[in-house]
Structure formats: C-alpha cells, structure tokens
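Below: one structure, written as structure tokens.
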Amino acid sequence: MRVLIIEDDLDIATNLYEFLESKGNVADLARDGVSGMHLAVSSEFDAIVLDLGLPGMDGLCLCRKLRQEARRDVPILILTARDVLEDKLAAFDCGADDYLVKPFALREVEARLNALVVRRRGRVIDRKLAYDTIAYDPATLAVTVEGRPVHLSRKCLRLLEMLISAPNRVYTRDELEQELWGDEHPQSDSLRSHMHLLRRALTDSRGGSPIETVHGIGYRFAASDARPA
Ligand code: CA
C-alpha cells in the first residue's frame, strides 16, 4: 500500500518510513501540516498516518480540511502523545478513522493500517472489475482471462487495477511509475517490462489484449472495437 506519513519528529518519522518500506509498502513523508496537506490532496494514498502536534497546520485541522474541503475519504490513523479522551473524541470528530497513542509498536501501526485499508477496499470496491474477457476481483486478487486463472505480480496487479478501473483513460508513464515506485526512480524500462508481462498475461485466445500503448505518452485499456482485430 501507499502510505503518507505526516510527522515532524524526525526519529519517529524515520522509524515509520523505514519500517513500512521494509514491509513492501511505498511511503511518503511530510514534516509539517501544510506540505502534508498538499501531498494528501495532490497524490493518491491508501492511508495516512497523521501526527496531531505539527508545525504549520495541526493534525486536527488538517484532518478536518481533508474531509470537508478536499472531500478525501482516505483512511487516517492519528498518532499522538495526548492520551486524553477529549483529544481522541476530537480526532474522530474531525474525520479520523483510528487512533494510536505514543509510544506505539511499529507492528501495531502496520496492523491498524492494513485493517483500515482492507475495510475501505471492502466498502469502495466491493465489486469485481471486468473488461472484455478479463475479470479481476480486488478482494481476492484473482484474475481470469476467458475464465482461465492468470497469476500476476503485485506490481502487475496494481497496473491492472488502475487500467481496468478506468477504461479508455490514458495513464501517463509518470503517473504509473509514481504509483508503482513512488519517488524511487525505477530502472528506465521497468514500467515497459511490467506492461509487457501484463499484456502477455491478459492476451486472449484470439491473440487480443486490451492494453494499448499511447505512443510517447503512456497506456490505456482500449475498447475492443477500437483495437485491431
Ligand atoms: Ca509532533
């Protein structure tokens, strides 16, 4: 999952960042409320870990703005040193989903984030995605082509989920790379290699695949009547 950490304490932020990345997640870090807010609205995250006491804009204010003004429903886990009932209630009132009091165990942060993300997926994507002969169930990660099961790597699954969720929408290479690798720049043709594997896996018995290369820009799932037979 892709997680935004908004925390000004360098030790805590670094520990969280390194722990989440070591577990195969992609993490982004903001050290103050304003840049955290900016990142939260300009990129897509699966979850946000939010400190309450932040320079610039405090966590409660950020949480409220994100819900009420930016209309984002990304799961938010609050981290704070304040262990007072009123503070917890205020956080939930501002739209937070969960709450952890410092000091906390890194494994508990991850477990809570996973629970929030799974719950949200269940709410948002409680449906199977299908396109032409391809079916994808985000809950079980099962993919079939003409009813035949297909096995894909995590990165290919993420690409498939993006493309199949918005047929005909062109995704730029930058967008896709950002989604798969975050700020770590991948090797120059990594995206092309993954796209090649995905295209091969999704090819049907007639040799057709819905993935279309938009030259010089990126990729999309193209309607079958727009593709060469
Ligand atoms: Ca703080």
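The values are calculated or read from the model by the stated rules, or taken from the named source; none is laboratory data. Since the model is a prediction, treat every value here as computed from it, not as a measurement. Ideal geometry is used to build each Cβ from the backbone, glycine not excepted, and the neighbour counts take in all protein chains shown. With ligands, DNA and RNA removed, areas are computed over all heavy atoms of the protein, side chains included. Shrake-Rupley method; radii C 1.70, N 1.55, O 1.52, S 1.80 Å.
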Output for region 16-54, where each listed residue is assigned to a loop (DSSP other than H, G, I, E, B) and either in contact with a strand residue (DSSP E or B) (Cβ under 6 Å, 6 or more places away or on another chain) or open to solvent by less than 60 Å² (accessible area, probe 1.4 Å) (or both): 24, 25, 32, 43, 45, 46, 52, 53, 54
The listed residue being of a type outside the set (Lys, Arg) and assigned to a loop (DSSP other than H, G, I, E, B), out of 193, 188: 188
Complete set of residues in region 96-107 that are open to solvent by less than 70 Å² (accessible area, probe 1.4 Å) and either within 16 Å of the ligand (Cβ to nearest atom) or closer than 15 Å to residue 20 by Cα (or both): 96, 99, 100, 101, 102, 104, 105, 106
In region 1-15, the residues that are assigned to a loop (DSSP other than H, G, I, E, B) and more than 12 Å from the ligand (Cβ to nearest atom): 1
From the options 47, 27, 40, residue that is within 22 Å of residue 110 (Cα to Cα), of a type in the set (Gly, Ala, Ser), away from the ligand (no atom under 16 Å from the Cβ) and touching a Pro at 6+ places or on another chain (Cβ under 6 Å): 47
Flag for residue 96 being among the small types (Gly, Ala, Ser) and either farther than 16 Å from residue 48 by Cα or out of contact with any helix residue (DSSP H, G or I) (no Cβ under 6 Å at 6 or more places or on another chain) (or both): no
Subset tally (residues that are out of contact with any Gly (no Cβ under 8 Å at 6 or more places or on another chain) and in a loop (DSSP other than H, G, I, E, B)) for region 139-168: 10
Residue match in region 87-95 (condition: touching a strand residue (DSSP E or B) at 6+ places or on another chain (Cβ under 6 Å), of a type in the set (D, E, K, R), surrounded by 15 or more Cβ atoms within 10 Å (Cβ to Cβ) and closer than 27 Å to residue 161 by Cα): no
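Of all residues being part of a loop (DSSP other than H, G, I, E, B) and within 16 Å of the ligand (Cβ to nearest atom) in region 55-93, which is farthest from residue 10 (Cα to Cα)? Just the residue, please.
84
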Test: residue 116 is open to solvent by less than 20 Å² (accessible area, probe 1.4 Å), under 13 Å from the mean Cα position of the chain (by Cα), away from the ligand (no atom under 16 Å from the Cβ) and in contact (Cβ under 8 Å) with a residue 12 or more places away in the chain: yes
Region 55-85, residues that are among the basic types (Lys, Arg) and open to solvent by 70 Å² or more (accessible area, probe 1.4 Å): 64, 71, 82
